[in-house]
Structure formats: structure tokens, C-alpha cells
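Peer 1: For reference, the structure I am asking about is given below.
The values are calculated or read from the model by the stated rules, or taken from the named source; none is laboratory data. Bear in mind that the values here come from a model prediction, so they are computed numbers and not experimental data. Using ideal geometry, Cβ is built from the backbone for each residue, glycine included, and neighbour counts are taken over all protein chains shown. Surface accessibility is based on the protein's heavy atoms, side chains included, excluding ligands, DNA and RNA. Shrake-Rupley method; radii C 1.70, N 1.55, O 1.52, S 1.80 Å.
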Amino acid sequence: MTTTTPLAAASAADQTGARTPDAAELIAGARERIDALDDRIIGLIQERMAVSAVIQDARIASGGRRVNLTREMEVLAHYRQALGKPGTSVAMTLLELSRGRV
């Protein structure tokens with residue numbers, strides 16, 4: 001257990017919305033983990049975008065279209081199954097980011 005001054009406890013409560021120093025400490029640690037996860041998610045999205053660009057380039061070079069709507073529907077269904085209705089929004093955003101300039 002960490003000892004904190006009343007001023008530090010008040011500052012932590014302001015930053016976390018917690019009402020006790022222990023809760024503020026737990027929240028601060030969890031937020032650090034969320035920030036690290038967000039950084040990993042952003043990296044994965046950037047990687048997905050790069051792989052999608054390779055696929056699009058190959059498709060276009062072979063005379064095909066940049067976007068494959070059948071595949072996009074599969075991606076939407078996959079995210080919806082895994083995450084529920086909000087998964088559709090997540091998938092739509094990923095698809096939009098991965099399409100590049102249309």
C-alpha cells in the first residue's frame with residue numbers, strides 16, 4: 001500500500017475520478033495498460049493497412065478492382081460475430097482506413 005499526502009491524493013482523485021488513494025492507484029495502473037494496448041492496436045492497424053495495400057496493388061495489377069465487396073462483407077460479419085453490433089462500426093472504420101485512396 002502506498003502512502004500519499006492529502007494533496008497528492010486529491011490530485012490523483014482529480015485525474016482518475018477515484019475517491020480513495022488505493023482506487024486512484026489501481027485506475028492509474030490500468031490506464032497505463034490501456035495506453036500500452038492502444039499503442040499495440042494502432043501498430044496492428046497500421047500493419048493491416050500495409051498488407052491491404054499489397055493486396056490492392058496485386059488485384060489492380062491483375063486487372064481487378066481495388067475493393068472486393070464480397071471480402072468486405074466477410075470482414076464485417078467476422079467483427080459483428082466477435083464483438084456484437086459495435087463490431088460492425090469497428091470493421092467499417094478498419095475497412096475505410098485500409099482501402100487507401102479510392
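Peer 1: Name every residue in region 66-102 that is outside any helix (DSSP H, G or I), among the aliphatic types (A, V, I, L, M) and surrounded by 11 or more Cβ atoms within 10 Å (Cβ to Cβ), in order of residue number.
Peer 2: The answer is VAL67, and nothing else.
Peer 1: If you don't mind, there's one more thing I want to ask. When you check GLY63 against the structure, is it modelled with pLDDT of 95 or more, open to solvent by less than 100 Å² (accessible area, probe 1.4 Å) and not in a helix (DSSP H, G or I), yes or no?
Peer 2: yes
Peer 1: Looking only at region 6-19, count every residue that is modelled with pLDDT of 60 or more and surrounded by fewer than 12 Cβ atoms within 10 Å (Cβ to Cβ) and tell me the total.
Peer 2: Looking only at that region, the number is 3.
Peer 1: Is it the case that MET49 is open to solvent by 100 Å² or more (accessible area, probe 1.4 Å) and either at pLDDT 95 or above or touching a Phe, Trp or Tyr at 6+ places or on another chain (Cβ under 7 Å) (or both)?
Peer 2: Judged against the criteria, MET49 is not a match.
Peer 1: Let me ask another. So in region 85-100, with the set limited to residues that are of a type in the set (S, T, N, Q) and without any contact (Cβ under 8 Å) to a residue 12 or more places away in the chain, which one is farthest from VAL51 (Cα to Cα)?
Peer 2: Among those that are of a type in the set (S, T, N, Q) and without any contact (Cβ under 8 Å) to a residue 12 or more places away in the chain, it is SER89.
Peer 1: Right, SER52: among the polar types (S, T, N, Q) and touching a residue at least 40 places away in the same chain (Cβ under 8 Å) or not?
Peer 2: So SER52 passes the test.
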